[in-house]
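Notes follow once the structure below has been shown.
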Amino acid sequence: MDVAVVGAGQTKYGNHALGLKGMWAEAAGKAFASVDGDFDPSIIDEAFIGSIAFGGSQLGNTAALLTEHSAMDGISVRRVENACASSGFAFRDAWMAIKSGQADVVVAGGIEKMNDLTPERKRYWLGVSGDTEWERLAGLTFPGTYALMARRYFHEFDASHDDLVHVSVKNHLHGSMNPDAHIQKEVSFEKAAGGFMVADPLTLYDCCPTSDGASCVVLAADHVAKKFTDTPVWVRGSGAASDHLALHDRPTITQLKATRDASNKAYAMAGIDARQIDLAEVHDCFTIAEVLATEDLGFSGRGEGGLFARNGEGRLNEGHTTVNASGGLKSKGHPLGATGTGQVVEVFKQLRGQVAPSRQVRDAETALTHNVGGSGATCAVHVFGRDRP
Amino acid sequence: MTAEVWMGYLVDAHDDFVMVQSPFVLDGSRVFGADSDVTTLAVAGLLHRLQHESIASISVPDGIDGQSLSMATGIVLHDEEAEDEAPWDVLMSDEATVVIAKHGADVELTTLDVEVEVDSAFNTALEAAWEAELTATHVSQGAYVSRAQYEEAAKSRLSLLGQSVQEGVVWPPRFTHVVDGSPSTGHLLQRTGTVQSWTTLSAAGAPSEFSLRAPLLGGISTVYLQLDDGPRGVFLTVDDESPHFEMDLSMELVFRRLYAQEGFIRYGLKARAIDD
């Protein structure tokens, strides 16, 4: 049984005027409208919606509320929670539902409404996915956690904060061309290098913004996919893994084991290696996270992620693999639960040639999404292709 | 008299008592450092004494968190209902000074010559912040750690109690042995390690548990330590010493206040550079 993505849509990320119901309806509506053939939501067998339920406004039964407002009444639905990787795992669950033979048409999506809270409540919710008992009581927020990784990385390898600045500048450039991005503005190297210090050595320009947003994709089994489109995007590999929640329990903090394990599984299933990825949407919640991801996903060697960034190898159509053509979490935004399937939306459009020519990855045949929960406790990686597996 | 510096405090040790004093002075009086109180001084004094002799049990006065003191030092609190006297007592003075004394010892306080002047406005603001944080209704908007969850791990947090398992020493301990029946014994780790990484969070970016005090402190610093006994851990640094970090810097872990919530002070181990 092969699985294809036949529709995908999202809201613009950022400070969204709509609430949960409105944002989800917009994303689902765009996903359904993107299906080339006729699509009646009543044929959906299952739905998986990723969300941390940030703010707690509908903490329980979130998914039932959302489907009620998106013409999906009565279907089997649940919320999937794995911190920032919630919808990466929602997508994997949807893929598994079809692979198991229990469903033919499945929706995976994600949502987060983050900007309608007071700063104090926002800080509460931004902290709930870290290791609260040890890291949090040691004063660490996620910027602090990734700052520890960055400083250690600089110490172990030939790298410096300048390499992180290159990531920031690149992703702002890519995001400036993406109409769905939260921050559609380029930033100079000098400005990014001199940003307000959030958690030494990470500045404001190393950190993703706090975004509202929703994303939704429609998956179909191979025997029904043709009904919806002649140009499906095939899921060629799916891998997921977990690791210790707290940094101090891991053998190293300059590598995310969950990423390595998840990507190795996804590559093996797809029968490819990293060199065959044309486009990668990676989880750059902080710039150091992209540096580590380029290594852990195999785009560069161990300790060479800084050099990869410095040489501009991830820039649009300049290197072998374009990294974060959407602008990534850094510029496109990071509405926690929506991010994973939001990455799939970008890949779906890129592989079908449906983005503006100015930001189209040339000759894109194979793509990857990489969605990380917290500081690496969970990770889902998916490989997509224009060709059926 | 020249004092010994021990865990960031001044210590004057005698045969039958040890005096522990804050190094900070305001208007001629000893005052507590930014994350210190009588309990933190008492724990430091007891750990100093435990280098030389064992203490079977101790009596502590009101105002000292006996439960935390006991978990941090391993010393049993004396049963107040018992007919016999405790072999050791904790005595408090009006200033930031604590004495650990054998019961009935003739204690004579000495004047120590280390005095670090603190800014009056800073000290007042910090005391006010702690007072606000300590109100029973104050619940941090940070990631909530309930009292039960805190207490479940308090022994490991306060004394660095690890776990010996087949693979080696683990800290904080895990519950895996409960499930798979694997051998597990307690292992008290040395309170020393070396810096593997560090960060200083801006006051605005600090977790909201620390939101009342972080602006006064100019942010908060956290180190990632390789403990000398093997495990690694992340620790806040002490609030009353200017952080200067470098890779492989040797640090010790000392008992200090972390934050307060619901009228209850949560203590923990914080890192400070080992004195030359």
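The values are calculated or read from the model by the stated rules, or taken from the named source; none is laboratory data. As the structure is a computational prediction, the values presented were derived from the model and not from experiment. We place every Cβ from the backbone using ideal geometry, glycine too, and count neighbours over all the protein chains shown.
Does A:Leu245 meet the test of being free of Cβ contacts under 8 Å to residues at least 12 places away in the same chain, out of contact with any His (no Cβ under 6 Å at 6 or more places or on another chain) and assigned by TED's automatic domain parsing to the domain that holds A:Ser331? Judged against the criteria, A:Leu245 is not a match.
For A:Ile253, the requirement of being under 21 Å from A:Gly319 (Cβ atoms) and within 14 Å of another protein chain (Cβ to nearest Cβ) is not met. The residues on offer are A:Ala71, A:Ala94, A:Ala83, A:Ala103, and the sole one that is among the aliphatic types (A, V, I, L, M) and within 14 Å of another protein chain (Cβ to nearest Cβ) is A:Ala83.
Taken over segment A:141-191, residues that are within 23 Å of B:Gln196 (Cα to Cα) and without any contact (Cβ under 8 Å) to a residue 40 or more places away in the chain amount to 1. Where strands (runs of 3 or more DSSP E) sit wholly within segment B:132-238, those with at least 1 residues that are free of Cβ contacts under 8 Å to residues at least 60 places away in the same chain and crowded, with 16+ Cβ neighbours inside 10 Å occupy B:161-165, B:185-188, B:192-201, B:220-227, B:232-236. Looking at B:Ser57, B:Ser70, B:Ser22, just one residue is of a type outside the set (A, V, I, L, M), within 29 Å of B:Ala153 (Cα to Cα) and in contact with a Gly (Cβ under 8 Å, 6 or more places away or on another chain), and that residue is B:Ser22.
Of note, A:Ala94 satisfies the criterion of being within 19 Å of A:Thr339 (Cα to Cα) and either touching a Phe, Trp or Tyr at 6+ places or on another chain (Cβ under 6 Å) or assigned to a loop (DSSP other than H, G, I, E, B) (or both). Of the numbered criteria (1) more than 10 Å from chain B (Cβ to nearest Cβ); (2) outside any helix (DSSP H, G or I); (3) closer than 26 Å to A:Glu295 by Cα, the one A:Val218 fails is (3). Applying the condition of being touching a Pro at 6+ places or on another chain (Cβ under 9 Å) and among the hydrophobic types (A, V, I, L, M, F, W, C) to segment B:53-79 and asking which residue is surrounded by the fewest Cβ atoms within 10 Å (Cβ to Cβ) yields B:Ala56.
Going by what's in this entry, would A:Tyr205 be described as over 30 Å from A:Lys99 (Cα atoms), in contact (Cβ under 8 Å) with a residue 40 or more places away in the chain and part of a helix (DSSP H, G or I)? Reasoning before the result, please.
Numbers: over 30 Å from A:Lys99 (Cα atoms): yes; in contact (Cβ under 8 Å) with a residue 40 or more places away in the chain: yes; part of a helix (DSSP H, G or I): yes.
Against the criterion (over 30 Å from A:Lys99 (Cα atoms), in contact (Cβ under 8 Å) with a residue 40 or more places away in the chain and part of a helix (DSSP H, G or I)), A:Tyr205 qualifies.
In segment A:135-146, the residue that is surrounded by the fewest Cβ atoms within 10 Å (Cβ to Cβ) out of those that are closer than 23 Å to B:Arg147 by Cβ and touching a helix residue (DSSP H, G or I) at 6+ places or on another chain (Cβ under 7 Å) is A:Thr141. Looking at segment A:107-122, is at least one residue in contact with a helix residue (DSSP H, G or I) (Cβ under 9 Å, 6 or more places away or on another chain), part of a loop (DSSP other than H, G, I, E, B), within 14 Å of another protein chain (Cβ to nearest Cβ) and modelled with pLDDT under 95? Yes, segment A:107-122 contains a residue that is in contact with a helix residue (DSSP H, G or I) (Cβ under 9 Å, 6 or more places away or on another chain), part of a loop (DSSP other than H, G, I, E, B), within 14 Å of another protein chain (Cβ to nearest Cβ) and modelled with pLDDT under 95.
Per the conditions (1) more than 19 Å from the chain's Cα centre (by Cα); (2) within 11 Å of another protein chain (Cβ to nearest Cβ), the sole criterion not satisfied by B:Pro172 is (1). Quick check on segment B:243-263: of everything there that is part of a loop (DSSP other than H, G, I, E, B) and closer than 28 Å to B:Val145 by Cα, which residue is nearest to the other protein chains (Cβ to nearest Cβ)? This residue is B:Pro243. Scanning segment A:294-313 for residues that are closer than 13 Å to A:Leu164 by Cβ and either of a type in the set (S, T, N, Q) or under 18 Å from the mean Cα position of the chain (by Cα) (or both) yields a count of 1. Please tell me if A:Gly175 is over 20 Å from the mean Cα position of the chain (by Cα) and either β-branched (Val, Ile, Thr) or over 14 Å from A:Glu290 (Cα atoms) (or both). No: the conditions fail for A:Gly175.
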